[in-house]
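One structure is given below, encoded as structure tokens.
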Amino acid sequence: MSARDDILGAIRHSLGVSGKETIRRQIVSDRLAHAPKGVIPKRGQVSGEALLALFKVQAEAALATVTEVASAAEVPQSIAHFLRDHNLPASLRMGDDRRLQAMPWNDTALDIAHGPSAGDDLNAVSHALGAVAETGSLVMVSGSENPSTLNFLPDNHIIVVSAKDVAGDYESVWAKVRLTFGKGGMPRTVNWITGPSRSGDIEQTMLLGAHGPRRLHVVVVKE
Amino acid sequence: MSVHSTSPDFKKNAARALGDAQLQKALGNVKQGFIDKREKATQKLPEFEALRDSARDIKNHTLQHLDLYLEAYEQKVRASGGHVHFARHAEEARDIILSICKEAGARTVTKGKSMIAEEIGINEHLETHGITPVETDLGEYIIQLRHEMPSHIIAPAVHLNATQVEQDFRRVHTHLDAKRDLSEPVQLLTEARGVLRERFLAADVGITGANFLVAETGTSVIVTNEGNGDLTQILPKTHIVLASIEKLVPTLEDVSQILRVLARSATGQEISVYTTFSTGPRHLGDSDGPENYHVVLLDNGRSAMLGTSFEEMLRCIRCGACMNHCPVYHAVGGHAYGWVYPGPMGAVLTPTLIGIDQAGHLPNASTFCGRCESVCPVKIPLPKLMRHWREREFERHLTPATVRSGLGLWGFFAKRPALYRLATGIAIRAMGFAGRRKGRFQWLPLAGGWTRNRDLPAPQGETFQARWRREHKRRAA
Amino acid sequence: MKQDRARKPRIGLFVTCVVDLMRPSVGFAAVKLLENAGCTVEVPEQTCCGQPTYNSGDRATTRSIAERTITEFRGYDYVVAPSGSCAAMIKAHYPELFADDPNWLPRANELAARTFELTSFLVDVLGVTRVDATFDGAVTYHDSCSGLRELGVRSQPRKLLASVEGLTLVEMEESDVCCGFGGTFAVKYSEISGAIVEAKAKHVVAAGAPTLLAGDLGCLLNMAGKLSRDGEPVRVRHVAEILAGMTDDPPIGVAKEAQRTGKEAAR
């Protein structure tokens with residue numbers, strides 16, 4: 001017998017089932033089809049400015065920095081300022097996200113590179129699918145638009161998110177993923193990112209900049 | 001069994017740990033680092049208790065339908081272009097991983113933190129076959145340099161201090177300037193980042209564990225703070241997920257429930273920095289990500305736990321809260337437990353994996369203070385399960401003869417009140433008389449286990465029941 | 001007292017074997033507290049709740065002991081123990097023990113429902129808000145594990161202590177952390193137990209109160225033994241002794257002689 005059949009057989013033996021019970025199968029397929037929500041913290045169940053404010057507080061508590069701009073057109077300048085203020089080089093890598101592409105990067109002196117990172121970039125910008133105010137998390141999906149390597153290899157990661165894509169809870173984000181990729185479908189990678197990389201492995205003292213970005217900067221586009 | 005166990009020597013291990021001043025100092029970090037932060041994080045979320053119940057219920061539901069969720073999961077992984085391999089035991093899992101690595105022509109393999117990888121001893125196996133495994137979680141990397149096992153399931157190097165890490169880095173990173181300053185922990189972190197960055201970029205295969213497997217979508221989920229797990233899985237051509245079968249959860253909503261209790265219970269964070277959901281190999285049009293995606297599903301005794309009282313242990317989400325709050329763990333640290341899983345969860349799980357004859361001490365070395373159960377995010381009744389192991393040991397006559405005969409004697413009298421009254425009356429009178437001058441004993445025959453570390457207060461000299469009956473006779477008269 | 005107008009509640013005192021053998025004065029303090037609160041107290045013949053054998057994996061012996069306890073304590077309105085640990089054995093674990101026995105399970109459940117730890121019985125069941133006692137000085141209080149986590153005993157002893165005239169309660173750090181007693185654990189894993197009680201003793205001493213109280217005699221013997229071994233002059237008593245105003249007997253581990261001559265602190 002194959003290992004697969006052995007293991008499934010052993011599970012069924014222990015549970016005292018055959019695996020063919022209609023009721024069990026129905027219960028499982030119902031749950032997979034309907035994906036019932038459980039307990040959702042009240043904290044995130046706010047809207048408008050309160051939701052944005054909660055996102056900001058939570059992201060900052062996770063040691064990200066957050067700035068707001070009125071429109072997408074202001075994003076390049078805002079990022080250029082951020083880099084200058086932190087004495088970072090005026091270079092920036094990005095994928096081929098259409099929202100980012102449409103921004104007026106030529107208004108800045110930034111040196112823009114495109115495509116995934118090979119590990120030698122200092123700065124990168126990605127566009128988030130959304131954000132979760134509950135914990136100040138950004139939700140990133142993989143693809144050539146926003147390559148996953150940009151989330152982890154650069155020292156400084158900047159994430160652009162539209163204010164309208166900031167949700168109160170994780171469940172709202174899954175609804176959006178299903179809308180985009182179909183029920184049961186997923187991009188190769190969904191990353192929830194909450195603050196910059198860190199480690200507490202030396203004497204349980206939290207230090208920033210373990211393997212991923214040392215800085216996480218979020219630009220919220222309000223329009 | 002795969003990894004060598006020193007669990008039978010628990011007492012010796014514990015004695016050594018208690019005498020190790022450096023270790024004792026490091027263990028202080030467990031209390032300071034975790035307990036208050038967890039408390040604060042749970043206080044901040046009014047729904048935390050409800051979420052614990054929800055997490056428990058989700059895991060119970062999944063375990064009751066595990067065969068069907070595994071089938072659904074498997075189908076989804078295949079549909080997304082990934083491969084699923086089932087492994088009955090550690091040896092089978094090692095062979096599957098080795099053959100995937102060989103097929104990929106792998107010379108070096110990066111690894112995210114995985115307790116299952118420790119459980120099957122994959123590193124030694126790969127090394128034996130000429131493949132270099134590189135641990136990338138900072139704590140795991142440090143203990144790999146020292147050829148040690150993790151001493152904590154989420155803080156593998158919690159038994160070490162910065163000076164020891166510095167010494168190891170100087171010993172191993174010989175290509176770096178010998179005069180470099182490593183006096184600050186952040187310098188150690190930066191050095192590890194630099195060294196491991198090259199390893200990430202050079203690796204042929206990346207192996208990660210999984211905190212969860214989602215049946216709805218065929219997704220594996222990992223949770224890290226460092227980002228090492230992500231670099232491990234997106235940079236090499238091949239990503240192998242190694243997970244035990246009880247990691248299944250039905251849906252993305254279900255995993256979101258459990259994630260809300262995981263980090264809060266573990267480190268006191270509201271959520272870890274990186275929560276990553278991976279589904280299959282890179283998609284058409286993706287510009288990065290692995291080209292091959294394999295999942296190795298390990299049983300290794302878990303299917304046999306279903307339907308027994310130990311089924312509840314399969315809810316465990318490996319947060320480490322039980323050991324963070326355990327007075328025994330605080331006293332002796334993780335290595336004393338002698339195998340992969342320490343603390344209360346290890347005291348229950350280890351005997352199922354390496355046998356109660358090997359791990360018999362572990363479920364006995366508990367005061368049953370119940371603090372572990374009170375903080376467990378999925379409400380596993382750990383003391384009760386440890387007691388179940390004690391019952392099995394007792395049935396199999398594995399309980400030490402001295403304990404057995406002592407208890408037998410106590411049980412004999414406890415069942416016979418008249419004899420109890422007679423025997424205790426005499427004994428207590430004698431003890432009371434012997435202890436009347438000092439009020440306590442510094443040594444007493446047969447009580448060496450007690451008096452080695454503390455005095456034994458002397459009894460007052462007459463039993464309560466004797467005095468009560470005497471006084472009541474008088475009152476009645 | 002709520003039940004005064006009806007008839008006095010009839011209490012079966014489960015004195016616990018440790019109190020029975022080592023420190024009967026705790027039992028008499030419990031009796032006094034219950035009588036002052038308007039109860040009639042009786043002491044049926046008894047031995048041990050069975051926890052030592054239960055926690056050592058000997059279910060069969062434990063069941064015979066439990067059956068005896070269930071039988072002996074039939075008919076009382078309440079069963080009260082000056083111990084969270086023994087009360088929890090009856091209240092939480094007897095039903096587990098007989099879970100598969102349709103004859104004994106209802107009886108175990110019935111006993112469990114009317115069994116209480118002393119301070120929680122006084123506060124939660126009888127509604128006692130103050131006791132008639134004085135104590136001159138500061139005390140610190142250790143929360144014994146079973147009472148705290150299995151029965152929720154935390155506020156009740158503190159509430160009653162607050163009513164003792166002249167007494168101030170100084171909380172120690174980690175009062176909710178185990179003292180390392182654990183029944184047979186203290187003997188089977190003596191070194192580990194020793195390390196745990198060492199940490200506890202440090203917190204007790206750091207609190208600075210001259211008297212340590214707790215609600216379980218097992219834990220008290222352990223902590224008193226450690227404190228005296230280390231030469232720490234902390235006096236150790238069961239909380240019932242203070243609440244009942246019965247402090248004539250010397251503290252735990254102190255000889256009558258020493259108490260009389262005031263030498264108890266000089267160790």
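The values are calculated or read from the model by the stated rules, or taken from the named source; none is laboratory data. Just so you know, these numbers come straight off a predicted model, no measurement behind them. Here the Cβ positions follow ideal geometry from the backbone for every residue, glycine too, while neighbour counts run over all protein chains shown.
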Q | Scan of the range B:77-132 for residues that are of a type in the set (Ser, Thr, Tyr), part of a loop (DSSP other than H, G, I, E, B) and buried (at least 22 other Cβ atoms within 10 Å of the Cβ), ordered by number | A | B:114
Q. Out of (1) at the interface with another protein chain (Cβ under 9 Å from one of its Cβ atoms); (2) under 28 Å from residue B:363 (Cα atoms); (3) not hydrophobic (A, V, I, L, M, F, W, C), what's the single condition that is false for residue C:83?
A. (1)
Q: Show the residue pairs that are 6+ apart or on different chains and have beta-carbon atoms under 8 Å apart, the first residue being within the range A:153-181 and farther than 18 Å from residue A:50 by Cα and among the aromatic types (Phe, Trp, Tyr), the second being in a helix (DSSP H, G or I) and modelled with pLDDT of 95 or more.
A: A:174/B:252; A:174/B:253; A:174/B:256
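Could you run through the range A:129-145 and say how many residues are of a type in the set (A, V, I, L, M), over 14 Å from residue B:256 (Cα atoms) and buried (at least 24 other Cβ atoms within 10 Å of the Cβ)?
Our first condition is that a residue be of a type in the set (A, V, I, L, M); within the range A:129-145, this holds for A:129, A:131-133, A:138-141.
From what's left, over 14 Å from residue B:256 (Cα atoms): A:129, A:131, A:133, A:138, A:140-141.
Checking the rest, the ones that are also buried (at least 24 other Cβ atoms within 10 Å of the Cβ) come to A:131, A:133, A:138, A:140.
Counting residues in the range A:129-145 that are of a type in the set (A, V, I, L, M), over 14 Å from residue B:256 (Cα atoms) and buried (at least 24 other Cβ atoms within 10 Å of the Cβ) gives 4.
Go through A:85, A:30 for me and flag whichever is outside the structural domain of residue A:158 (by TED's automatic domain parsing), surrounded by fewer than 14 Cβ atoms within 10 Å (Cβ to Cβ) and of a type in the set (Asp, Glu). Working first, answer last.
Working: A:85 fails: outside the structural domain of residue A:158 (by TED's automatic domain parsing).
Of A:85, A:30, the one residue that is outside the structural domain of residue A:158 (by TED's automatic domain parsing), surrounded by fewer than 14 Cβ atoms within 10 Å (Cβ to Cβ) and of a type in the set (Asp, Glu) is A:30.
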Q: Output the number of the condition that residue A:215 fails; it satisfies all remaining conditions of (1) buried (at least 21 other Cβ atoms within 10 Å of the Cβ); (2) closer than 24 Å to residue B:191 by Cα; (3) within 8 Å of chain B (Cβ to nearest Cβ); (4) in contact (Cβ under 8 Å) with a residue 12 or more places away in the chain.
A: (3)
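Per-residue answers, yes or no, for (1) within 12 Å of chain A (Cβ to nearest Cβ); (2) part of a helix (DSSP H, G or I); (3) touching a residue at least 60 places away in the same chain (Cβ under 8 Å); (4) under 19 Å from residue B:100 (Cβ atoms):
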site: B:183; (1), (2), (3), (4): no, no, no, no
site: B:198; (1), (2), (3), (4): yes, yes, no, no
site: B:201; (1), (2), (3), (4): yes, yes, no, no
site: B:216; (1), (2), (3), (4): yes, no, yes, no
site: B:220; (1), (2), (3), (4): yes, no, yes, yes
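Hey, among A:73, A:80, A:53, which residue is touching a Leu at 6+ places or on another chain (Cβ under 6 Å), more than 14 Å from every other protein chain (Cβ to nearest Cβ) and in a helix (DSSP H, G or I)?
Just one listed residue meets the conditions, A:80.
Out of curiosity, is residue B:429 within 44 Å of the chain's Cα centre (by Cα) and under 24 Å from residue C:15 (Cα atoms)? I'd like the intermediate steps shown before the answer.
Values: within 44 Å of the chain's Cα centre (by Cα): no; under 24 Å from residue C:15 (Cα atoms): yes.
So residue B:429 fails the test.
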Q: Would you check if there is a residue in the range B:33-47 being within 30 Å of residue A:181 (Cβ to Cβ) and of a type in the set (A, V, I, L, M)?
A: yes
Q: Look at the range B:42-59 and say how many of its residues are crowded, with 18+ Cβ neighbours inside 10 Å, in a loop (DSSP other than H, G, I, E, B) and more than 8 Å from chain A (Cβ to nearest Cβ).
A: 0
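Is it the case that residue B:33 is part of a helix (DSSP H, G or I), facing chain A (nearest Cβ under 9 Å) and over 30 Å from residue A:19 (Cα atoms)?
Details: part of a helix (DSSP H, G or I): yes; facing chain A (nearest Cβ under 9 Å): yes; over 30 Å from residue A:19 (Cα atoms): yes.
So residue B:33 fits the description; yes.
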**Q.** Elements of type strands (runs of 3 or more DSSP E) contained in the range A:122-223, each with 2 or more residues being under 30 Å from residue B:194 (Cβ atoms) and in the same structural domain as residue A:60 (by TED's automatic domain parsing)
**A.** A:123-127, A:137-141, A:156-162, A:189-193, A:215-221
**Q.** Residue satisfying condition, being in a helix (DSSP H, G or I) and more than 27 Å from residue B:258 (Cα to Cα), within set B:347, B:331
**A.** B:331
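Taking strands (runs of 3 or more DSSP E) that fall entirely within the range C:1-99, which contain at least 3 residues that are surrounded by fewer than 24 Cβ atoms within 10 Å (Cβ to Cβ)? Working first, answer last.
Numbers: elements: C:10-13, C:40-42, C:78-81.
The qualifying strands (runs of 3 or more DSSP E) are C:40-42.
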Q | Condition broken by residue C:108, with the remaining ones in (1) under 20 Å from the mean Cα position of the chain (by Cα); (2) crowded, with 21+ Cβ neighbours inside 10 Å satisfied | A | (1)
Q. What residue, among those in the range B:428-437 that are surrounded by 14 or more Cβ atoms within 10 Å (Cβ to Cβ) and among the small types (Gly, Ala, Ser), is farthest from residue B:460 (Cα to Cα)?
A. B:434
Q: Return yes or no: is residue A:43 at the interface with chain B (Cβ under 7 Å from one of its Cβ atoms), charged (D, E, K, R) and either assigned to a loop (DSSP other than H, G, I, E, B) or surrounded by fewer than 19 Cβ atoms within 10 Å (Cβ to Cβ) (or both)?
A: no
Q. Going through the range B:274-303 one residue at a time, which ones are at pLDDT 95 or above, more than 9 Å from every other protein chain (Cβ to nearest Cβ) and part of a loop (DSSP other than H, G, I, E, B)?
A. B:291, B:300, B:301
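When you go through C:161, C:212 one by one, which is the residue that is farther than 30 Å from residue B:406 by Cα, in contact with a Leu (Cβ under 6 Å, 6 or more places away or on another chain) and of a type in the set (A, V, I, L, M, F, W, C)? Let's see the steps before the verdict.
Numbers: C:212 fails: in contact with a Leu (Cβ under 6 Å, 6 or more places away or on another chain).
Testing whether each residue is farther than 30 Å from residue B:406 by Cα, in contact with a Leu (Cβ under 6 Å, 6 or more places away or on another chain) and of a type in the set (A, V, I, L, M, F, W, C) leaves just C:161.
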